[in-house]
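Taking it in order: structure first as structure tokens, then the write-up.
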Amino acid sequence: MKTIPVNTANSYEVKIGAGLLCRLGDEAAEVCKGRTAVIISDSNVFPLYGQTATNNLKKSGFSVVSYVFPAGEASKNGSTYLSILNFLAENHVTRTDCLIALGGGVVGDMTGFAAATYLRGIAYIQVPTTLLAAVDSSVGGKTAIDLPAGKNLAGAFYQPRLVLCDIDTLATLPEDIFRDGCAEVIKYGILYDSALFDHLAEKGLCFHRETVIARCVELKRDVVTEDEFDTGARMKLNLGHTVGHGVEAQSNFTLSHGKAVAIGMAIVSRSAAKAGICSQECCDRILNILEDFGLPTAAGCTAGELFTSALSDKKRAGSTIHLIIPERIGFCRICPTGINELQSFIEAGL
Ligand code: NAD
Ligand code: GLY
């Protein structure tokens, strides 16, 4: 098992290893004073891991209630959020009790936002069960729900008390969803760590789970500690995301987030190579690793279409968008880019 401390305003640990779900009760008791634990999960994950989590929490003296909602991004909305708050109130959950987010990023974001706002804030524990949640969404305290106008438009920065990542749960992930998480893992290599990138390039999908997840969490921890509220360095985590959001929106959200980010990273890399910001070799290595992981690198829509969708990116500041552009493997720069330059930048990378 690997333990990674996160020293944000409210500090906590991320524990990563095999079989950790069977320690959930004892771990929760360490960070939560109350006696009620509320498992929040989705309709795919709860049948797989809900019973183990419940039994284990009970063994450690918790009384356990569960709220399970239909799996998928469509549930990450105001209606599910309010249902969760009502469920907590009806079950007399108090401020010393704790919520357990058992699932992927959708469960984690929803539970975190409910925890941030119920009784003005109660404890929650992230138990990520997707690769994306393990390396990204469970760490760093961004919580949110979607609004009809766009994704993640209502939320809060609210750190968990603990992240418990049982790598065994990844075994039941559909391969396609695992690959989506790989796009985020590759992103960390491009952004910060050429040795991680090399390991991924060599091992492909057989990369060492615990070591790689722990390394990604360390990298995210470092960024989040430096910029907890996303005003500077944390923006780099958006590598591939601005253009990726455009690709996702153009597909009417039929293309997964991970695949859209892969396409976004490919487009910025090709454009960066054309502009001489990174070498052609660096760009080729990025395209090759994405393809080796079975991730797409072509958008299938025009620069104009992507430009229009990218304009609704909530990271836009007035007429400027901060593009994250690779200089070499392991280092990217933040480039404030005028809206009027964005379309030609995308065009060059298609
Ligand atoms: P998800 O939570 O929808 O999970 C994907 C699918 O896998 C779901 O159908 C789920 O039921 C299923 N699943 C989860 N774990 C499983 C398991 N172990 N075995 C079998 N099936 C399993 O999606 P995701 O990719 O984990 O997360 C995407 C969400 O994360 C988006 O809403 C995105 O906005 C959010 N996100 C948040 C942050 C953040 O910092 N808070 C960062 C990145 C993404
Ligand atoms: N996933 C982006 C962030 O946590 O900032």
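A few remarks follow.
- For L162, residues with placed amide H under 5 Å, excluding near neighbours: Q126
- Neighbour-count order for M235, M1, M265, M110, fewest beta carbons within 10 angstrom listed first: M1, M235, M110, M265
- Charge tally around A303: other residues with Cβ under 14 Å, Lys/Arg +1 each, Asp/Glu -1 each, net -1.
- Whichever aspartates and glutamates have a C-alpha closer than 20 Å to that of K59, once near sequence neighbours (fewer than 8 apart) are set aside: D26, E27, E30, D97, D166
- Estimated from helices alone, the mean residue ellipticity of the chain at 222 nm is -13500 deg cm²/dmol (sum of -39500 (n - 2.57) over DSSP H runs with n ≥ 4, per residue).
- Residue by residue, the stretch 207-212 carries 3J(HN,Hα) couplings of 4, 6, 4, 5, 5, 5 Hz when phi is fed to the Karplus relation 6.51 cos²θ - 1.76 cosθ + 1.60 (θ = phi - 60°); x denotes Gly or Pro.
- Here the spin labels are modelled as points 7 Å beyond Cα on the Cα-Cβ line, and at A18 and A154 they lie 4.3 nm apart.
- Proximity of backbone amide H atoms, modeled 1.01 Å from N, is registered between Y67 and I39, I40, S41 at under 5 Å, excluding neighbours fewer than 5 places apart on the same chain.
- Top of S319, S60, S138 by mean-square fluctuation, Gaussian network on the chain, Cα under 10 Å: S319
- Whether the stretch 210-252 is rounded, prolate or oblate, judged on the alpha carbon gyration tensor where a/c under 1.5 counts as rounded: oblate
Coordinate-derived values only; no laboratory data. In this text the structure is predicted, and so the values were computed from the model without any measurement. Note that we place each Cβ from the backbone using ideal geometry, even for glycine, and neighbour counts take in every protein chain shown.
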